[in-house]
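Colleague: Okay, here's the structure, questions in a sec.
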Amino acid sequence: MPDYPLGLGPKWEELKQNLWPNEDQGVDSDCPNPHCDYMLTDQDMYDAEEFGGHFTCPNCRWTYDLSPYMYQEVRQQTRAGMTPKEMGQLGESVVRDFADENNGIPGLGELRWEAPDYNDPIDAVVGDFAIEIKSLHSESYPRFKIAADPTTGGNRSDVIKQKIDRMNELGMHLGSQLAPGVLGVRLNFFTSRADFFFSSGFKDARMTAMEHLGTSDFSKLNPFKKPEEVSALSLPTQGETYGDEDIPF
Ligand SMILES: [Zn+2]
């Protein structure tokens, strides 16, 4: 048996060397913003508890949910302090921009159809592929999981069946036979570099077993700003937002 976890062996080391040598992941701190070095205090935890876990970083103004830490629930947030849905929607936007910049997705073809809403079983049709778009943070485990979103419910085979049915429906509608595929987007929030990976089929895919299609710069869509770029005066303080003791009359 190999002494490294599945997907993290020599192939993974080689992929990292090729694509991200000496990659910068930003500052290690309690704040999910990789540009921000803020460390949480006990008072912060206490304040957050009062607002159901909702916390705005006083340094960079990023708002995120601390409740997974407070109540030790299953951690549904991604490492970026975003919900799976927020992360998923960001990934889809990054893919759309990538397709705009390249007149399609390199290696796959033209972007022919996009899902009108987030809950559609298929995210996009690119070339002859019905695509599931999956996003992950550059610091997370390098595997894209199909039907990993806990909000979708239902069991796994039902979720896959829905995708196949939808794929066939879209194929009829577009007048060509479609094949299933996963487009994985790896997002480094510190450098704003996105890497795109592809594998055929609707199944979990390890990054090392996927085809690397290219990279893009997603600075414009990156929600994390450097603290010095965020004017503290442009947003109300938490006291002004929630307090009722300073009504000026
Ligand atoms: Zn912060």
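Every number here is computed from the coordinates shown, using simple stated rules; none is lab data. Everything numeric in this text was worked out from a predicted model, so none of it was measured. As a convention, Cβ positions derive from the backbone with ideal geometry for all residues, glycine included, and neighbour counts pool all protein chains shown.
Colleague: Shape of the stretch 84-217 from its Cα gyration tensor (a ≥ b ≥ c, root eigenvalues): rounded if a/c is under 1.5, otherwise prolate when a/b > b/c, or oblate?
Modeller: Numbers: a/c = 1.64, a/b = 1.19, b/c = 1.38.
In terms of gyration-tensor shape, oblate.
Colleague: Among 83, 208, what is the fewest-to-most ranking by other Cβ atoms within 10 Å? Before the final figure, lay out the partial values.
Modeller: Values: 83 16, 208 19.
The order, fewest Cβ neighbours first, is 83, 208.
Colleague: Read phi for every residue in the stretch 138-143 and hand back ³J(HN,Hα) as whole Hz from Karplus 6.51 cos²θ - 1.76 cosθ + 1.60, θ = phi - 60°, with x for Gly and Pro.
Modeller: So the Karplus estimates, Gly and Pro as x, are 4, 9, 8, 4, x, 9 Hz.
Colleague: For the stretch 78-136, run through the chymotrypsin sites (Phe, Trp or Tyr not before Pro) and keep only the ones in DSSP coil with at most 12 other Cβ atoms within 10 Å of their Cβ. Before the final figure, lay out each step's value.
Modeller: Values: sites: 98, 113, 118, 129; in loops: 118.
Those that pass, being in a loop and sparsely packed, are 118.
Colleague: With the cut-off at 30 Å, tell me which of the pairs 163/226; 16/161; 16/220; 11/145; 16/225 have Cα atoms farther apart than that.
Modeller: Flagged as over cut-off: 163/226; 16/161.
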